[in-house]
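Asker: Next up is a structure, given as structure tokens.
The values are calculated or read from the model by the stated rules, or taken from the named source; none is laboratory data. This is a predicted model, so every value here is computed, not measured. In this analysis, Cβ positions are derived from the backbone assuming ideal geometry, glycine residues included, and neighbour counts consider all displayed protein chains.
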Amino acid sequence: IVSEFGNWGLPHPDAIREGGQDPWWFENGLEWGEGIVYPHGMRERFTYWGLDRVFGDLHAFTQAHQIHMARSLAYEITTMRLQTAIAGYVITEFTDVHWECNGLLDMQRNVKAGLAEHLTPLNQARVIVARPQRWSGRPGEQLPVMLQALGVDGAASEGTIHWQSGDTHGEIAAPGGMVAIPLAAPGIVTVTLNWVAPNGTSIAHNLVELACVEPPTPNCTVAVVDNEELAAVLTTLGYTVVALDGTTVDVPVIATRYTVALQDAVQQGLSLLLLAGPERDEAPDRASLPIGQVIARHGTGWQGDWATSFSWLRKAGPFAALPGPPLLAMEYAELMPDAVLAGIPARAFPDVVWAGLALGWIHKPVSLLHKAPYGNGEILATTFRLNATTLRENVVAQTLLAGCIALLRS
């Protein structure tokens with residue numbers, strides 16, 4: 001039995017007021033986890049850090065946060081149902097307990113968003129589970145998805161599993177197996193599932209969401225200064241990759257290390273895309289970034305393994321081709337950063353940060369992707385894992401990189 005697991009889903013503060021004011025426990029939590037669970041001032045922090053520009057308003061944000069919680073629970077429960085050694089689980093908690101908001105209900109017993117769609121179908125004796133082998137692809141591709149009908153004691157062979165995606169549908173005999181889901185047009189693709197008994201009655205239903213992404217066609221020249229494998233992959237994708245010399249001053253430059261030479265070049269007018277990672281660089285030619293500091297997530301609150309972290313991307317402008325809501329979902333799993341960019345000045349944060357991460361009740365926000373001027377040039381720094389491996393086949397990585405280059409050139 002898995003005795004305790006859960007995810008945070010922040011309530012809207014207006015939905016849990018008592019006697020027309022914030023509840024007394026909003027003043028608690030400062031002594032826990034460097035204050036990341038302190039609720040007081042949540043409304044102000046939402047606007048102060050520019051999240052209103054990403055989500056629109058606080059209601060939309062809390063709804064998205066709760067749906068993200070429900071999707072996370074669905075992924076975790078699916079994983080447990082597929083493990084025959086796990087006989088059951090206990091979700092923490094049934095209701096929130098003050099600032100610890102991992103309940104299915106908030107403190108006023110309001111049901112959190114997304115549970116009916118994502119949790120209820122899996123929290124049953126007999127279920128259909130779906131586990132995509134890939135979470136994203138481009139139009140015209142087919143994504144392999146494993147479907148399995150399960151009872152309380154494992155796989156069940158009764159009946160048939162029916163699936164539908166748009167106008168396309170198919171079926172597979174229980175207990176199931178691998179099916180190929182076609183992707184037609186860019187967007188979030190919802191695949192509905194129905195397990196039907198031999199007499200035609202429905203035993204269980206579920207859904208799974210996939211991302212169909214159309215990466216922009218590369219139509220620009222770039223220079224890659226310190227990674228031959230990355231340069232080769234970008235050439236394969238269609239980029240014109242050139243060497244960095246005195247004639248490439250107007251060409252975006254891609255690097256994985258920030259050096260004194262690049263610092264000088266940026267000051268003179270170079271546009272730099274820095275693909276930063278968690279590795280500590282002690283080389284004598286390294287330079288400090290003019291804005292932000294690369295910090296590994298491991299061993300910090302930004303690891304997000306207690307008070308849940310949440311990550312977002314402003315999917316507008318150069319990143320409009322990436323579908324889905326701002327909070328990052330499973331199609332970003334391969335790209336999620338192992339490091340963050342901390343120390344972005346609060347006054348600049350809303351203007352320069354395009355992707356970020358925060359903790360608990362909107363505390364300790366950091367950048368995952370930002371662009372800022374430096375001297376006569378500019379630096380776009382990101383810690384997303386945009387490397388030769390992910391860029392070779394992952395359409396989300398390819399589209400994110402294309403957006404970074406477009407943002408750098410804008």
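Asker: Considering each of 177, 187 in turn, give the residue that is in the same structural domain as residue 137 (by TED's automatic domain parsing), at positive phi and exposed (fewer than 13 other Cβ atoms within 10 Å of the Cβ).
Answerer: Step by step, each of 177, 187 is checked, and only 177 is in the same structural domain as residue 137 (by TED's automatic domain parsing), at positive phi and exposed (fewer than 13 other Cβ atoms within 10 Å of the Cβ).
Asker: If you check residue 122 against the conditions, is it under 25 Å from the mean Cα position of the chain (by Cα) and part of a strand (DSSP E or B)?
Answerer: So residue 122 does not fit the description; no.
Asker: Report the residue count in segment 291-312 for those that are surrounded by 16 or more Cβ atoms within 10 Å (Cβ to Cβ) and over 21 Å from residue 345 (Cα atoms).
Answerer: 3
Asker: Can you work out which of the residues in segment 15-45 that are over 26 Å from the mean Cα position of the chain (by Cα) and not in a loop (DSSP other than H, G, I, E, B) is surrounded by the fewest Cβ atoms within 10 Å (Cβ to Cβ)?
Answerer: 21
Asker: Using beta carbons and a limit of 9 Å, which pairs, at least six apart or on different chains, have the first residue in segment 142-158 and farther than 29 Å from residue 183 by Cα and in the same structural domain as residue 192 (by TED's automatic domain parsing) and the second one surrounded by 14 or more Cβ atoms within 10 Å (Cβ to Cβ) and acidic (Asp, Glu)?
Answerer: 151/158
Asker: Determine whether segment 315-335 contains at least one residue that is farther than 20 Å from residue 189 by Cα and either outside any helix (DSSP H, G or I) or not assigned by TED's automatic domain parsing to the domain that holds residue 396 (or both).
Answerer: Within segment 315-335, none of the residues are farther than 20 Å from residue 189 by Cα and either outside any helix (DSSP H, G or I) or not assigned by TED's automatic domain parsing to the domain that holds residue 396 (or both).
Asker: Related question: Can you tell me which residue in segment 1-49 is farthest from residue 84 (Cα to Cα), limited to those that are touching a strand residue (DSSP E or B) at 6+ places or on another chain (Cβ under 7 Å) and of a type in the set (Gly, Ala, Ser)?
Answerer: So, considering only residues that are touching a strand residue (DSSP E or B) at 6+ places or on another chain (Cβ under 7 Å) and of a type in the set (Gly, Ala, Ser), the one farthest from residue 84 (Cα to Cα) is 35.
Asker: Restricting the first residue to segment 16-39 and requiring it to be under 18 Å from residue 359 (Cβ atoms) and at pLDDT below 95, which pairs with a second residue that is among the hydroxyl-bearing types (Ser, Thr, Tyr) and crowded, with 16+ Cβ neighbours inside 10 Å meet a Cβ separation below 7 Å and a spacing of at least six or different chains?
Answerer: Note: pairs meeting the criteria are 29/38; 30/38.
Asker: Can I ask one more? Which one is farthest from residue 226 (Cα to Cα) among residues in segment 273-304 that are in a helix (DSSP H, G or I) and touching a strand residue (DSSP E or B) at 6+ places or on another chain (Cβ under 7 Å)?
Answerer: So the residue we want is 301.
Asker: Looking at (1) at negative phi; (2) surrounded by 16 or more Cβ atoms within 10 Å (Cβ to Cβ), which is the one condition that is false for residue 126?
Answerer: (2) is the only condition that residue 126 fails.
Asker: Filter segment 190-217 down to the residues that are under 24 Å from the mean Cα position of the chain (by Cα) and not hydrophobic (A, V, I, L, M, F, W, C), then identify the one that is surrounded by the most Cβ atoms within 10 Å (Cβ to Cβ).
Answerer: Going through the qualifying residues, I end up with 206.
Asker: Does residue 64 satisfy the criteria of being under 30 Å from residue 184 (Cα atoms) and assigned to a helix (DSSP H, G or I)?
Answerer: yes
Asker: Output the residue which, of all residues in segment 51-67 that are among the aliphatic types (A, V, I, L, M) and in contact with a helix residue (DSSP H, G or I) (Cβ under 7 Å, 6 or more places away or on another chain), is nearest to residue 101 (Cα to Cα). Give the steps one after another, and end with the answer.
Answerer: Initially, segment 51-67 is screened for residues among the aliphatic types (A, V, I, L, M), giving 51, 54, 58, 60, 64, 67.
Filter once more, so that each one left must be in contact with a helix residue (DSSP H, G or I) (Cβ under 7 Å, 6 or more places away or on another chain): 51, 58, 64.
Numbers: 51: 20, 58: 16, 64: 14 Å.
This residue is 64.
Asker: Same structure, new question: Only one of (1) hydroxyl-bearing (Ser, Thr, Tyr); (2) under 26 Å from residue 94 (Cβ atoms); (3) surrounded by 15 or more Cβ atoms within 10 Å (Cβ to Cβ) is not met by residue 48, so which one is it?
Answerer: So the condition that residue 48 fails would be (2).
Asker: In the set 113, 130, 204, which member is modelled with pLDDT of 95 or more and not in a strand (DSSP E or B)?
Answerer: Within the list 113, 130, 204, the selection yields 113.
Asker: Follow-up. Which residue, of 289, 272, 262, 328, is aliphatic (A, V, I, L, M) and closer than 30 Å to residue 212 by Cβ?
Answerer: Just a single option satisfies the conditions, and that option is 328.
Asker: Taking into account only those residues within segment 224-250 that are surrounded by fewer than 20 Cβ atoms within 10 Å (Cβ to Cβ), of a type in the set (A, V, I, L, M, F, W, C) and in contact (Cβ under 8 Å) with a residue 24 or more places away in the chain, which is nearest to residue 296 (Cα to Cα)?
Answerer: Result: 225.
Asker: Which helices (runs of 4 or more DSSP H) sit wholly inside segment 349-410 and have at least 1 residues that are farther than 26 Å from residue 33 by Cα and among the polar types (S, T, N, Q)?
Answerer: 388-393, 395-409
Asker: Just the residues that are closer than 29 Å to residue 28 by Cα and either surrounded by fewer than 20 Cβ atoms within 10 Å (Cβ to Cβ) or assigned by TED's automatic domain parsing to the domain that holds residue 42 (or both), please, taken from segment 349-372.
Answerer: 349, 350, 364
Asker: Between residues in segment 273-293 that are assigned by TED's automatic domain parsing to the domain that holds residue 261 and residues that are in a loop (DSSP other than H, G, I, E, B) and hydrophobic (A, V, I, L, M, F, W, C), which pairs lie under 7 Å by C-beta distance while being six or more apart or on different chains?
Answerer: 275/386; 291/344; 292/344
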